[in-house]
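Peer 1: First, the structure itself, so that you have it in front of you.
Here, each number is a calculation from the coordinates, and none is a lab measurement. The model shown is predicted, which means the values in this text are computed figures rather than measured ones. Virtual Cβ from ideal backbone geometry, glycine too; neighbours counted across all protein chains shown.
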Amino acid sequence: MQERAPSRCSQCQAPIQFRPGAGSRLCPFCNTINLVREQTVAVPSLELQIDQVFALIQGGQAQQAVQLAQKLQQESRSTPRLEFYRALALLETGKTSEAVYALIDLTGEEASQPLRADFHALLGEALHSADRNTEALEAVEKALQIMPGHPAAALTRAHILLQAGKLGEAARLVEQTLETLAQPWKISLPPSPARGWILLAHIYGMAERPRKVIEALENLLVRDSGADLAIVAEALVLLGWNTLKVEPHSESALEFIRLGALIDTDNQHGALQLLQAALEKGGGDMGAELAALQAKRDEGLAEIRQVMSLVSSNIDITQIEPRASMKLLGEEPDRRVDILQQAADRLKISTYDRGTLYPLKDFESFRRWLVAWRARNYLVHIKHEQLERQRKNKLMAVHQVQQARAAGKEIGRRLKQRRQRTGRRLKLWLLVTIVAVLAGVAIFLAVYGDLLLDSFSGRLLRIDCRPDSACSLVVDTGAAGEKRYQRRFSSSAWQRLFARWLDQRVGRDGLVTYPLDLPCSSPAADDFRPCLGKTIHKHRFHLLPVCGGRAGRQQ
């Protein structure tokens, strides 16, 4: 007959549906490791007694576990698992050397693969605690060789790498291990996620990367609701201190340190020293802070008394003291947690995990629990505000970009219009210029075109000069001139019109009268007197006739 796996943690009595199958199961609320068996009917009594040794260790009774293990060894044949638990108990009682020797002997024993990996992993942890890091590194690497990714061995190796200054390698190893913790590892001592997150924070702290420290601690506080209150206190103190490194004037950073100090009443994590250092930078009063912290602790206990009187009339609130047992609320765990849950709701703890109420032993731990969950909710609120600011900043940046683009488009449009107007003006001026030039050319051709296009050759007969006009050359072109004159009458209409314009200075007798009042220059008549009786030539596209290869005496 197969029995159901236990549905409650052996230590805190929290209702848990453990994963089916035999093996070690970590309670997510108190981090107690529970041994789960598929059945107990056919299990030898020795095995069940060995389970009891492990249960004593998990219950904080390591010395009793050592005694029971030795008794079982004397009464019956020892087994590797019993020897392993005895070594674990010795390590818990501070007898590190004895534990190391016992584990070294165990590494030569025959056992299942997971158990052999556990031998080497615990041996590495024991050697590391004894500052024998070289041997410890060999042990954990052997464990990782037997079972790749062994979480406990990997975290111990990360500790050793941290001490060796290999911070990058240590951080990568912890991050990889945290990703695999949710897997169903068949190991005896599964580590809690909080152990990995706090180690990662210390590694990044040594590397002076406060933002990565903050990220690791925020993950611990938000994702690991079952983290021990001492670890929560340490995380809050470190979170506040590293936030001050990033934001020197952050009020939320001081609040994180204060919340950590409210949980860490014994100041084990140096919350008060860090708070004093932060206040000195900002000019705060440490005396007033200490008084305020004590007042808040007293107020916390007072509000618990007040809310308990409202939650149940059967509770004698005069007996509620910091170290008073939770059994004042009843013997049955679920009943106690129901009352605590009602109290938490009345105290306006908006978000929390009900299962984390089961491990609480006294009212001081409940007060610290309230602070821890208020701190978590405060952190979530702060993160929400940061994300909201980032969202608004992004929207504002997008809006500014859009405005800049719109302004750029408007400027571009105006520049385009200006260029278009300028282009139109240039085109207009160019057109006017071209028209003016063409008009000038047309006028020039109309007035002097016949002179420019005319060509003739003949004898210079005389130079006629009149008082009211410029002088003219009279040239006898002979038969060629007569022919040109006749062309004015015998050609087609267009040719006659052109001939009359071009040959207007040619007479019937072939004489060409060529004026000397030319554009750009007006040569003197005396320049051509040496050419009288001689042949002169007028070439096309030249305004000035030439005599014997010269244009008068000036050429």
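Peer 1: For residue 534, give me every one of the lysines with a C-alpha distance below 28 angstrom, ignoring sequence neighbours fewer than eight places off in its own chain.
Peer 2: Within the straight-line limit of under 28 Å, residue 534 reaches these lysines: 483.
Peer 1: Under a Cβ-only charge scheme (Lys and Arg +1, Asp and Glu -1), can you give me the dipole magnitude of the chain about the Cα centre, in debye to the nearest 20?
Peer 2: 5940 debye
Peer 1: Moving on to the next point. Report the net charge of residues surrounding residue 402, where surrounding means a beta-carbon distance below 13 angstrom and charges are Lys +1, Arg +1, Asp -1, Glu -1.
Peer 2: Summing Lys/Arg as +1 and Asp/Glu as -1 gives +2.
Peer 1: Compute the acute angle (0 to 90°) between the alpha-carbon long axis of helix 96-106 and the principal axis of greatest extent of the alpha-carbon atoms of the chain; round to the nearest 10°.
Peer 2: Tilt of helix 96-106: around 90 degrees.
Peer 1: If you split all Cα-Cα distances of the stretch 454-547 into 5 Å bins from zero, what percentages do you get per bin, shortest first?
Peer 2: 3, 14, 23, 24, 18, 11, 5, 2, 0
Peer 1: Under the definition of Cα pairs under 8 Å and six or more residues apart, what whole-number percent is the relative contact order of the stretch 454-547? Could you put the intermediate results ahead of the total?
Peer 2: Numbers: 162 pairs, mean separation 34.5, N = 94.
Across the stretch 454-547, relative contact order equals 37 percent.
Peer 1: Which one of 12, 164, 65 is farthest out on the positive end of the charge dipole of the chain, using unit charges on Cβ (Lys, Arg +1; Asp, Glu -1) and the Cα centre as origin?
Peer 2: Among 12, 164, 65, the one farthest towards the positive end of the dipole of the chain is 164.
Peer 1: Can you sort 357, 279, 115, 445 from fewest to most other Cβ atoms within 10 Å of each residue's own Cβ?
Peer 2: If I rank by nearby Cβ atoms, fewest first, I get 445, 279, 115, 357.
Peer 1: Next question, about the same structure. What Kirkwood radius, in Å to one decimal, follows from the Cα pairs of the stretch 29-139?
Peer 2: Hydrodynamic radius (Kirkwood, Cα only) of the stretch 29-139 equals 14.5 Å.
Peer 1: Give me the net charge for the shell around residue 147: Cβ to Cβ below 9 angstrom, other residues only, Lys and Arg +1, Asp and Glu -1. Please list the in-between numbers first.
Peer 2: Numbers: positive: 116, 186; negative: 118.
It works out to a net charge of +1.
Peer 1: What fraction of the Cα pairs in the stretch 130-200, stated in percent, has a spacing above 21 angstrom?
Peer 2: In whole percent, the share of Cα-Cα pairs in the stretch 130-200 beyond 21 Å is 18.
Peer 1: Which entries in the list 95/142; 166/245; 327/383; 95/186; 186/348; 95/361 go over 32 Å, if you measure between the two C-alpha atoms of each?
Peer 2: Pairs exceeding the cut-off: 327/383; 186/348.
Peer 1: Give the relative contact order (percent, whole number) for the chain; include only Cα pairs under 8 Å separated by 6+ residues.
Peer 2: Across the chain, relative contact order equals 8 percent.
Peer 1: With the Cα gyration tensor of the stretch 237-321 in hand, convert its eigenvalues to equivalent ellipsoid semi-axes via √(5λ) and list them largest first in whole Å.
Peer 2: Values: eigenvalues 205, 30, 24 Å².
Gyration-tensor ellipsoid for the stretch 237-321: 32, 12, 11 Å.
Peer 1: Working from Cα positions, state the angle (0 to 90°, nearest 10) between the long axis of helix 286-311 and the longest principal axis of the chain.
Peer 2: Here the helix axis deviates by roughly 60 degrees.
Peer 1: Hey, could you grab the Kirkwood Rh for the chain? Inverse mean 1/r over distinct alpha carbon pairs, Å, one decimal.
Peer 2: On the way: mean 1/r = 0.0303 Å⁻¹.
Every distinct Cα pair counted, the radius reaches 33.0 Å.
Peer 1: If one takes the longest principal axis of the Cα atoms in the chain, at what angle in degrees, from 0 to 90 and to the nearest 10, does the Cα axis of helix 133-146 lie?
Peer 2: 80 degrees
Peer 1: Next question. Sticking to Cα atoms, compute the Rg of the stretch 322-379 to one decimal and its Dmax as the biggest Cα-Cα distance, whole number, in Å.
Peer 2: In order Rg, Dmax, the Cα atoms of the stretch 322-379 give 10.9, 34 Å.
Peer 1: Could I ask something else about it? Test of understanding: ordering 438, 502 by Cβ neighbours within 10 Å, fewest first, what list do you get? Mind showing how you got there, number by number?
Peer 2: On the way: 438 10, 502 18.
Ranking 438, 502 by Cβ neighbours within 10 Å, fewest first, gives 438, 502.
Peer 1: Here is a further query. I need the trypsin sites (Lys or Arg not before Pro) found in the stretch 245-345, filtered to DSSP loop residues with at most 16 other beta carbons within 10 Å of theirs. Let's see the in-between values first.
Peer 2: On the way: sites: 245, 258, 281, 296, 297, 305, 323, 327, 335, 336; in loops: 323.
Answer by residue number: 323.
Peer 1: Follow-up question, since we're still on this one. Over the alpha-carbon set of the stretch 385-460, divide Rg by the Kirkwood Rh and report the Rg/Rh ratio to two decimals.
Peer 2: A ratio of 1.71.
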